[in-house]
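The values are calculated or read from the model by the stated rules, or taken from the named source; none is laboratory data. No experiment lies behind these values; they were computed from the predicted model shown. Areas reflect the complete protein model, heavy atoms only, side chains present, ligands, DNA and RNA absent. Shrake-Rupley method; radii C 1.70, N 1.55, O 1.52, S 1.80 Å.
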Amino acid sequence: RNSLNNAEFFVGKAEEVVPRIYDEDMKKKAKRVNFIEYLKKYHPDAVQWRLSGYVYKKEPWVAFFQGRDGEYRYYDNLKAKYAGAAYCGDGMKFLTDYLGGYTFLSATKALLDFEEEFAEETDIFEGC
């Protein structure tokens, strides 16, 4: 009726629709960003070193790691023991669910921006 031939419409809550249409490539890249380093730089009060690796300071049963596929994740040992499901996730999920103050989009952007910044910092040392 209104001659919109190059438009696509989505129906639903923004927090459900936007992640589905958000660039999958950006999500894949954000999952590979070292969000442990991101936390150490921007939320140092949230991360703590233990002999087993880095953990979430407020809930030390939540551990951070890099998977064999190169993606960074968190693992909630307490939820795994008692709830079974939804006990791990990527950096974006950690930022939104545990730290708060982030949306899926802002967490993705923050991690990708950090990756660029981190790459620039490490490029400085390559000539040494």
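Structure above, values below:
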item: Heavy-atom accessible surface of the range 20-79: percent carbon and sulfur, 1.4 Å; result: 50
item: Accessible surface of residue 52 - all protein chains present, 1.4 Å probe, nearest 10 Å²; result: 110
item: Nonlocal amide H pairs with residue 47, under 5 Å, H built at 1.01 Å; result: 57
item: Proximal lysines relative to residue 27, as straight alpha-carbon distance under 25 Å, when same-chain residues fewer than 8 apart are discounted; result: 13, 40, 41, 79, 93, 109
item: Accessible area, probe 1.4 Å, largest first, for residues 73, 50, 68; result: 68, 50, 73
item: Stretch gain in nm, segment residue 105-residue 10, where the contour uses 0.36 nm per residue and the Cα spacing is subtracted; result: 32.5 nm
item: Stretch gain in nm, segment residue 26-residue 51, where the contour uses 0.36 nm per residue and the Cα spacing is subtracted; result: 5.7 nm
